[in-house]
Structures are given as C-alpha cells and as structure tokens.
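Chemist: One structure is given below, represented as structure tokens, and several questions about it will come after.
The values are calculated or read from the model by the stated rules, or taken from the named source; none is laboratory data. Owing to the predicted nature of the structure, the values given are computational and were not obtained by experimental measurement. Note: ideal-geometry Cβ built from the backbone for every residue, glycine included; neighbour counts use all protein chains shown.
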Amino acid sequence: MCSIKIESADLKFIDAYYQIETQCFDAEAFSKGQLVYLLTAYNVIALAAKADFDVAGFIVVQVETDDTEFGHIITLSVAQKYRCMHIATRLLEEIEFLLKRRGIAECRLEVREDNSVAIGLYQKLGYQKIGKLKRYYGNAHGLYFKKML
Ligand SMILES: CC(C)(COP(=O)(O)OP(=O)(O)OC[C@H]1O[C@@H](n2cnc3c(N)ncnc32)[C@H](O)[C@@H]1OP(=O)(O)O)[C@@H](O)C(=O)NCCC(=O)NCCS
C-alpha cells in the first residue's frame, strides 16, 4: 500500500483537485476557476492528501466570522480509489489541529441530507447536527453540522 502524506494544497495540482471534485460531486462541484479562487484566498486553509505520484484527496476550509471566528469546511473530497483508507479522517484531523493552533474553537459544515457516508464520517469525528437547510442543494435538503474543537 502506498504512503499518504497530508500537506498544504499546492496550486500546481489544480487539475487533480478539479478531477477529484467532479468525480465526487455532480452539479454541486466547484469549477476549476472557483477552486483556484478558493485556494488563493487569504482566509482559506487547504490541505491535500498526496500519494506517491498522485493526489488522493483534498479539503478546503474558509475562516469566517459571525458572532465568533470559525472554520467553515467548503469542500472535502477523496478520489474513489483511495476511499475507506481514513484519508478524509486525516484531512479533517489536520484541519482541526491547524484551526485550533490559530485559536479557532469551532468548525462548521453543510452536507446533503442523503449523503450518509459523509454524515457517518462527521458524526464519528464528533460533529453534531445543529440545523436543517431546506432546499440547500437544489431540491435536496442540507444539514448543518458543528464541532467545538
Ligand atoms: C465522504 C468521504 C470524503 C469519506 O472519505 P474517506 O477517506 O473514504 O473516509 P474515511 O476512510 O476517513 O472514513 C471515516 C469514517 O467515515 C465512515 N465511512 C466512510 N466511508 C463509508 C462508507 N462507504 N459507508 C459507511 N460509512 C463510511 C465510517 O464511519 C468511517 O470510519 P471507519 O472506517 O472506521 O468505519 C468520501 O467518501 C468522498 O469523497 N465522498 C464524496 C464527496 C463527499 O461526499 N464529501 C463530503 C461532502 S460534505
């Protein structure tokens, strides 16, 4: 089995991120331009899971503020052939570590109500449902999750 390293998401792998993003999401996939915008935004932390000669997955988190500063998971995707190897878990754990190191105590995300795999992952890592987002994904509803770090 190849070794997987979690590192800062380098823009030079944008084609790989885009390919994984479109493999993981249909109409909701970010365009390549949107991914470039996100990966270069001042308030974004983005990590990639790198296999030997391949990108296995990536995560993009935006640091936002309403009543408090929080990390907002914008996208999390793992390529099909690398699933169930705890890569998403490692990406989330590293993001949470980096947020905490910045003094950010909260992480939030939206997920499709019918995405049971992702919901299982988030619940396992201690995220709790705090709301329902009606028709957030076209006709499909979303769920709003939060974790205190
Ligand atoms: C959701 C996703 C990121 C999970 O990536 P992954 O690297 O395979 O996840 P992990 O291996 O870290 O899984 C961690 C936990 O999630 C749950 N899980 C993962 N895959 C699962 C599956 N196919 N069925 C049921 N539970 C699953 C399990 O609880 C698992 O823990 P366990 O292996 O100890 O039982 C991946 O399936 C994916 O990219 N899906 C498409 C994009 C997506 O839905 N992103 C999230 C949008 S909010």
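Chemist: I need a count of the residues in region 42-55 that are more than 12 Å from the chain's Cα centre (by Cα) and either within 15 Å of the ligand (Cβ to nearest atom) or surrounded by 14 or more Cβ atoms within 10 Å (Cβ to Cβ) (or both).
Modeler: 4
Chemist: From the list Phe58, Phe70, which residue is at pLDDT 95 or above, more than 10 Å from the ligand (Cβ to nearest atom) and touching a strand residue (DSSP E or B) at 6+ places or on another chain (Cβ under 9 Å)?
Modeler: Phe70 is the lone residue from the list that is at pLDDT 95 or above, more than 10 Å from the ligand (Cβ to nearest atom) and touching a strand residue (DSSP E or B) at 6+ places or on another chain (Cβ under 9 Å).
Chemist: Of the residues Ile14, Ile4, Ile45, Ile87, which single one is closer than 25 Å to Tyr136 by Cβ and at pLDDT 95 or above?
Modeler: Only one candidate qualifies: Ile45.
Chemist: So is Tyr136 within 12 Å of the ligand (Cβ to nearest atom), of a type in the set (Ser, Thr, Tyr) and modelled with pLDDT of 95 or more or not?
Modeler: For Tyr136, the condition - within 12 Å of the ligand (Cβ to nearest atom), of a type in the set (Ser, Thr, Tyr) and modelled with pLDDT of 95 or more - is not met.
Chemist: Can I ask one more? Can you name the residue in region 64-89 that is touching a residue at least 40 places away in the same chain (Cβ under 8 Å) and of a type in the set (Ser, Thr, Tyr) and, of all such residues, is nearest to Gln23 (Cα to Cα)?
Modeler: So, considering only residues that are touching a residue at least 40 places away in the same chain (Cβ under 8 Å) and of a type in the set (Ser, Thr, Tyr), the one nearest to Gln23 (Cα to Cα) is Ser77.
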